[in-house]
Amino acid sequence: MDTNKNTYTIIYSIVLVVIVAALLAFAAEALKPKQQRNVEIETKQMILKSVRLVPDAENAPDKAKYIEDIYSKHIKDSTIKAEDSDYGIYICTLDSGEKVYIVKVSGVGLWGPIWGYVALKSDFNTIYGTTFDHKSETPGLGAEINTDWFSKQFDNKTIFDNGEFVSVKIVKGGADKSNPHEVDAISGGTITSKALEATIQKSLTNYVEFFKIMSEKAKSIQPADSLTQPVDTLTQPVK
C-alpha cells in the first residue's frame, strides 16, 4: 500500500485507535477488582474510624489485612427489621461488649459529594463517634471535615431533645459548648459546614422512627441482654 496516500493514513489511524482502545479496555478490566478492593478497604476503614478503631492503620505492614481483621472482629453490616421497615446499619461490638450502631450519611458539599458515618451509643441518641470525607472540597477550608479535630467535636453530642429529633447543628462563629446539639463550624468553610449539617440531618431523618423503636426496646430489655434481641433479626448485608 502506498504510504503517501490518504487511504493509508486513515486506515493506519483507525487501526491505531482500535488497538489503543482495546489496550485501555483490557487495563481497566484488569484493574477493576483491585479498584473495587481499594474502595471496600477505604469504606471499612472509615466505618472503623467512626468507632475509634484502626487509628494506626496507615502504619500497619499490611494495611488491608489489618483493617479486614479488625472489621471482621467488631463489625456486622446488616439490615435490621423494625416494625414494617428495613434499616441498613452497621453494628459494632467493642472489646468491652458495648454495642454501637453506625449509620452512613451522604450528601453534596460546596464542590462535590460529601459523606461519612455517625456512630450512636445503645441509647440511639448519644453520638459515640463520627468520621467524614469529601471528593473535592477546598484544602485547608471545607476539606477540614475529614480531620480528627473536627469529627471529635461530635463525641457525646445528642440528636434528640426531649424525644424530638434535632440532629446536630454546625455553628458558624462558635458553638455553645454547653449545648449538646452544637459543634463549631470550620473557619472559612461555612458552606461546606452547613452542607454537612444538612447531610447529617437529612440522612439521620430516615432513621428517626427506627431510633425511637430501638430506644424503647433498649429500655424494656434487661441490661444483661445488651440489645442482643434486635441483632438476632439481622437479615441481609448493607448495600
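Given 0.36 nm per residue, what is the gain on full extension from Thr43 to Val166 after removing their alpha carbon distance, in nm?
Numbers: separation 123, 0.36 × 123 = 44.28 nm, distance 2.72 nm.
So the extension gain works out to 41.6 nm.
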Rg/Rh of the chain (Cα atoms, Kirkwood Rh), to two decimals, equals 1.15
Once the in-chain neighbours fewer than 8 apart are removed, the lysines whose Cα is under 22 Å from Lys34 read Lys44, Lys63, Lys65, Lys135, Lys239
As straight-line cross-link partners of Lys73, the qualifying aspartates and glutamates (C-alpha separation under 15 Å, not fewer than 8 residues apart within one chain) are Asp95, Glu98
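Please identify the helices of the chain, taking whole runs of DSSP H, that span at least 15 Å along their own axis as judged from the Cα atoms and have a mean Kyte-Doolittle score of -1.0 or higher.
Values: long enough: 6-49 (61 Å, 0.62); 63-74 (17 Å, -1.21); 190-205 (22 Å, 0.06); 208-220 (18 Å, -0.18).
Correct list, ordered by number: 6-49, 190-205, 208-220.
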Residues meeting the amide H criterion for Lys172 (H placed from the backbone, H to H distance under 5 Å, 5 or more places apart or on another chain) are Ala185
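Which order do His181, His74 fall in if you start with the one that has the fewest other Cβ atoms within 10 Å?
On the way: His181 16, His74 19.
In order of increasing Cβ crowding within 10 Å: His181, His74.
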For the chain, averaging the sequence separation of alpha carbon pairs under 8 Å that lie six or more residues apart and dividing by its residue count, the contact order in percent is 17
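Per residue, what volume in Å³ does the convex hull of the Cα atoms of segment 1-76 enclose? Before the final figure, lay out each step's value.
Details: hull volume 10.0 nm³, N = 76.
Hull volume normalised by residue count: 131 Å³.
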For the chain, whose charge dipole is built from +1 on Lys and Arg Cβ atoms and -1 on Asp and Glu Cβ atoms, the candidate among Ile200, Thr93, Asn6 with its Cα farthest towards the positive end is Asn6
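Could you order the peptides 167-177, 55-65, 128-138 from most to least packed, using the average number of other C-beta atoms within 10 Å per residue? List each step's numbers first, then the result.
Details: 167-177: 16.0, 55-65: 10.9, 128-138: 20.5.
The most tightly packed comes first, giving 128-138, 167-177, 55-65.
Taken together, the values in this text are just the output of simple stated rules run on the coordinates, not laboratory data. Quick caveat, the model's predicted, so the values are computed rather than measured. Neighbour counts run over all protein chains shown; Cβ positions are idealised from the backbone, glycine included.
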